[in-house]
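Taking it in order: structure first as structure tokens, then the write-up.
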Number of protein chains: 2
Amino acid sequence: MGNKISDERKKEIIDGFYHLSKQNGIENTSIAKIGKHLGMPPSLVMHYFPSREILISNLISFILERMLLIYQPMLAELEEQNYADPHTFVDRLFSRDWNLLLDDGVFYSCYSLIFRNKRIKNEYRALHEKLRENLKEILDRDENLEDKDTELLAEQIFVVVEGAYYYLSMFDDPEVYEQKVAIFKDQVYELLRKNEVLSS
Amino acid sequence: MGNKISDERKKEIIDGFYHLSKQNGIENTSIAKIGKHLGMPPSLVMHYFPSREILISNLISFILERMLLIYQPMLAELEEQNYADPHTFVDRLFSRDWNLLLDDGVFYSCYSLIFRNKRIKNEYRALHEKLRENLKEILDRDENLEDKDTELLAEQIFVVVEGAYYYLSMFDDPEVYEQKVAIFKDQVYELLRKNEVLSS
DNA sequence: CGATATATTGAACGTTCATTCAATATTATA
DNA sequence: TATAATATTGAATGAACGTTCAATATATCG
């Protein structure tokens, strides 16, 4: 259905935008630089994304899609086996695989735009609500959590995860980093434990 | 001791930079615009802040100082009475007074710079560690928490607060906002309760 | 007061920016 | 193959950018 060349070019341009933003920041990545990076004139970039604003808007969609991708394997498992271990999910949330798929610098740069752009804010909120719904589904399938307020629990777990990511980004020393990750992971485990029916 | 005019001008310029960044974002606030806003030529701005980088660096110091200011009244109380109620402190952490003193958009914009600038990262980390130390002092003075790992507890409390701020920024509806604040506040209370010696 | 330092001005620099446009090449369609 | 649609080029635009500089005003101080 959709135009092939057009779609590929668009993807290529957003990829390039993301790549350069990772290195130099969004604010230092111009249309001209994207063009040069991809070996095309800036006018071609603008042919596909008629303004810088639209370009940024598409970068954000790209980033949010990537973020969902991180959860894909876990959700596939849930679909297949009709069950996924919440603890494994939490482990994955705290794993650094994350960073391979999504640059935190670009992510938070885009995040900071929510304060001046309502559409971006809505997109970000929708993503975060989706993440919570995913977790809720996993929790709902766990018999240890039967009849518990899994929506609340998902909310509480994610707020720890998100706070942890925010805070941990300030630490480079792997040892300190891992030690702190362990603390926050425990904090989430504790939330689960508190809700679980004793079964052993 | 220090030069009066110079200091006042510097303060004035950073104030203006902050003001305009709040409206249009840091990335859209140029030296020329700051000058125009304050009725001075851009060359005067650069006389006090020889490069844009230095200007941004000073804006960040300004922001981090403001953030510490928010805790001032609480810490003054601690100093005076050698005690401050942790629950009151938590309430204050979640109060929206915050937003009056510090714009979240500017704050997170600057935060996103930590990923490409080590000095900024260190400044941010130092601030966050200071915040935790402040809370630890409060917790240490509370007899219900005697002999507890208050450092750990402070870390766990702040990670919820920071995650909450990150997440709550996506919600405009005051009703939804307040409902979620209540959840996260409870989550922190629960952390305190878990550690408190039963005394009633 | 005279000298020295600081504050302030305004013009100018070259560069980069986002964006436009008309011309040309390529591809799809009839 | 003729025609229409799309892709691509390259040159050009004016505006805004950060930064420099020499000149002038004002304050400081011996």
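The values are calculated or read from the model by the stated rules, or taken from the named source; none is laboratory data. Computed from a prediction, not measured in an experiment: that's the story for all the values here. In this analysis, Cβ positions are derived from the backbone assuming ideal geometry, glycine residues included, and neighbour counts consider all displayed protein chains. With ligands, DNA and RNA removed, areas are computed over all heavy atoms of the protein, side chains included. Shrake-Rupley method; radii C 1.70, N 1.55, O 1.52, S 1.80 Å.
Kindly establish whether residue A:99 is within 16 Å of DNA strand C (Cβ to nearest atom), under 30 Å from residue A:180 (Cα atoms) and within 14 Å of chain B (Cβ to nearest Cβ).
So residue A:99 does not fit the description; no.
Evaluate the following for residue A:129: is it charged (D, E, K, R), open to solvent by 80 Å² or more (accessible area, probe 1.4 Å) and at pLDDT 95 or above?
Judged against the criteria, residue A:129 is not a match.
Select from the stretch B:83-96 the residues that are closer than 20 Å to residue B:183 by Cβ and at pLDDT below 90 and write down the one among them that is least open to solvent (accessible area, probe 1.4 Å).
B:95
Name the residues in the stretch A:10-37 that are open to solvent by 40 Å² or more (accessible area, probe 1.4 Å) and either within 11 Å of DNA strand C (Cβ to nearest atom) or more than 24 Å from the chain's Cα centre (by Cα) (or both), would you?
A:24, A:27, A:28, A:30, A:32, A:33, A:36, A:37
Restricting to the stretch B:112-124, and then to whatever is within 9 Å of chain A (Cβ to nearest Cβ) and farther than 28 Å from residue A:117 by Cα, can you tell me which residue is least open to solvent (accessible area, probe 1.4 Å)?
My answer is B:122.
Restricting the first residue to the stretch B:166-178 and requiring it to be open to solvent by 20 Å² or more (accessible area, probe 1.4 Å), which pairs with a second residue that is modelled with pLDDT of 95 or more meet a Cβ separation below 8 Å and a spacing of at least six or different chains?
B:172/A:121
Out of the stretch A:172-198, which residues are hydroxyl-bearing (Ser, Thr, Tyr) and in contact with a Leu (Cβ under 9 Å, 6 or more places away or on another chain)?
A:177
Going by the conditions given, is residue B:77 surrounded by 14 or more Cβ atoms within 10 Å (Cβ to Cβ), out of contact with any helix residue (DSSP H, G or I) (no Cβ under 8 Å at 6 or more places or on another chain) and more than 14 Å from chain A (Cβ to nearest Cβ)?
For residue B:77, the condition - surrounded by 14 or more Cβ atoms within 10 Å (Cβ to Cβ), out of contact with any helix residue (DSSP H, G or I) (no Cβ under 8 Å at 6 or more places or on another chain) and more than 14 Å from chain A (Cβ to nearest Cβ) - is met.
Would you confirm whether any residue within the stretch B:49-56 is open to solvent by less than 50 Å² (accessible area, probe 1.4 Å) and either away from DNA strand C (no atom under 16 Å from the Cβ) or acidic (Asp, Glu) (or both)?
Checking the stretch B:49-56: at least one residue is open to solvent by less than 50 Å² (accessible area, probe 1.4 Å) and either away from DNA strand C (no atom under 16 Å from the Cβ) or acidic (Asp, Glu) (or both).
Is it true that residue B:109 is small (Gly, Ala, Ser), within 14 Å of chain A (Cβ to nearest Cβ) and under 25 Å from residue B:171 (Cα atoms)?
yes
So, of the residues in the stretch A:13-64 that are in a helix (DSSP H, G or I), within 12 Å of chain B (Cβ to nearest Cβ) and among the β-branched types (Val, Ile, Thr), which turns out to be nearest to DNA strand D (Cβ to nearest atom)?
A:26
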